[in-house]
1. Ignoring any ligand, DNA or RNA, what whole percent of the accessible area of the range 421-520 comes from carbon and sulfur when the probe is 1.4 angstrom?
2. On a C-alpha basis, how far is the centre of the range 349-424 from the centre of the range 529-608 in Å? Whole number, if you could?
3. In degrees, nearest 10, range 0 to 90: what is the angle between the Cα axis of helix 153-171 and the longest Cα principal axis of the chain?
4. Above 44 Å lies some portion of the pair distances; for the chain, what is it as a whole percent of all C-alpha pairs?
5. With r defined as the distance between the Cβ atoms of GLU521 and ASP218 and R0 fixed at 51 Å, what FRET efficiency is calculated, to the nearest 0.05?
6. Share of antiparallel DSSP beta bridges in the range 371-486, in percent to the nearest 5?
7. Could you give each residue of the range 254-259 its phi-based ³J(HN,Hα) in whole Hz, using Karplus coefficients 6.51, -1.76, 1.60 with θ = phi - 60°, and x for Gly or Pro?
8. Counting residues in the range 374-511 as N, plug N into 2.2 N^0.38 Å and put the Cα Rg over that result.
Amino acid sequence: MRFKQIRLAGFLLISLGQFTVYAQTYSVKPVPFNQINISDAFWTPRLEAHANHTLETCIAQTQDSTQRINNFKKAAGLAEGKHEGIYFDDSDVYKAMEGIAYSLINNPNPEYEALLDNWIDLIAKSQQADGYLNTYYTLNLPDQRWTDMEKHEMYCGGHMIEAAIAHHRATGKETFLNVAIKFANHLDNTFGPGKRHWVPGHEEIELALVKLYHETKDKKYLDLAHWLLEERGHGHGIGGIWNHKKRGAEYCQDDVPVSEITDIKGHAVRAMYLFTGMTDVAAEKDLPAYVEALKRVWDDVVLRNMYITGGIGSSLHNEGFTEDYDLPNKEAYCETCASIGMVLWNNRMNLFTKDAKYVDVMERCIYNGVLSGISLAGDLFFYVNPLESDGDHHRKRWYGCACCPSNVSRFIPSIGNYIYLVGEKEIFINLYMGNKANTELGNTKLELVQKTNYPWSGNVEIEIKPATASVFSVNMRVPGWCRKYTIAVNGKQTASPFVENGYVKIGRKWESGDKIRLNFEMPVEVVAADPQVKQNIGKRAVQRGPLVYCAEQADNRKIDWNQISIDPDGQFKPVAAKRKLEGMTILQTNNQKRKLTFIPYFAWDNREPGKMKVWLDYHEK
Ligand code: FUB
Ligand code: ZN
């Protein structure tokens, strides 16, 4: 079969659902990963690599090889000396802790739990009497706290709050949560209407405060998050960013009030955390202007500024965005944290709208831009995720600025959070992976069992097991990349399924043991970029299902790399890799002048160093 060629605006196969509802709170909630047991050919190895190697690496790096934990010891008064490292290094400790806490839920580990208790003790002792917590200021500039809005005090605090909530949920202990609450109360006493102005130079606190509101039900945290968002764009920013010749307010999304945002600008991770926080706040309060702004900027990010891998932020200079359609491949920045930020934001947009187009983007980011950030063994990391390499870009064990390793470490064990949404009378199946989930629909207990070999194949079986037969709708996402699929319930094919906002919807009385079978056809697709992306003119990329593929030199040694191209008459055959890359599905061309092998992009640089390309020359006939 000759492969299919697709031309896509902004590379995307997105479903074209519309926003229709401005819900005032999320009417569905995710089934949390602690109610989900993942047993899946694709994800289980990732989770095992995380539990066996990633956590160990994060612990060794934060505790032994760098000064991060020592900074807390010093701030706690248990050691002497100044803060060492970068001023926001505390955040890596918190993100590592969040990852450990998540991992404890599915992989109980008394040693790790004790380690967390130990670190929490240091953190609690580092907290000032008024709730302030930041080792950099406490040790180096105690009389200058809250003077430079760039200095990440709220960013670190936000990660601390997230870690504390994860720890509370994982262990039921309140030790860390109490530190988080004391810190948040300190913020609330210091900042807000009639108190001090503040524009966090790096967003994160906003989404964390909403989480804390959900955890404690104390609305003052939600109000503070909303107030912090409203501080932006009014000239309140003071400090490093605002004084910087090349940065300025735009770099941290402080150039316009948030509800007036039209275009994506500045630092990519900051922007994603901002939009996540905005969506969370908009879901709780009636803020149509936020929703409109988020819709506008989502189009700008996704249709004009996103790589095929879901990577965003093309420039090293601002770790962020440049002009529309400026998407260089070799020089692409595409920070791992930015792709994680895309997952967080798109997840919230989906919760808010129940529109599958956000999950399409989220899935693209997860399987490509995020997973590329960590080696298959789980012990090496990419900070920058280019789409082309001359063989000189490699994963590292850690980075001086270690935001990405610690971020990916908290992301992987929480992957279960993104599979299902549940409402009163409806469930949404967003991601396909083998798992058993236990949840409730209203008062009815419901077990869901998924079996699949996704993303290597598009066959999925879902068993629905309500405790008592009940009427509700099951909404299954038709992945944006999929053009043809079939669906059968209890062996009976549904001839013309009802599709709404990218979901096949089946409403009926479900009985325990009912089975849905989905078959998403998953041909190899050859994709052209939007012609406005000048770097990709005359080039094509290869995709299968949610995975973007790339050609890596390790498999294509005999080919002159300057001549490497996709033949318009070529055919791609999916085959299981032999003795390499965990046997994953790779693609081989069989009738090109030169045989080519493509591997999933996320798996590159796991073998000997070599060149790599996602976009290859393509000579149209
Ligand atoms: O500033 C904190 C984190 O470090 C940012 O999110 C990353 O881009 C890196 O600069
Ligand atoms: Zn990062």
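The values are calculated or read from the model by the stated rules, or taken from the named source; none is laboratory data. Everything quoted here is computed from the prediction, not taken from an experiment. Quick reminder, even Gly has a Cβ in these numbers, built from the backbone with ideal geometry, and neighbours come from all protein chains shown. Only protein heavy atoms, including side chains, enter the accessible area calculation; ligands, DNA and RNA are left aside. Shrake-Rupley method; radii C 1.70, N 1.55, O 1.52, S 1.80 Å.
1. Working: 1920 of 4240 Å².
Carbon plus sulfur share of accessible area: 45 percent.
2. Here the two parts' Cα centres lie 21 Å apart.
3. Result, in degrees: 70.
4. Roughly 17 percent, once rounded to a whole number.
5. 0.55
6. Just about 85 percent of them are antiparallel.
7. Using θ = phi - 60°, the values come out as 10, 7, 9, x, 4, 6 Hz.
8. Ratio of Cα Rg to 2.2 N^0.38 Å: 1.35.
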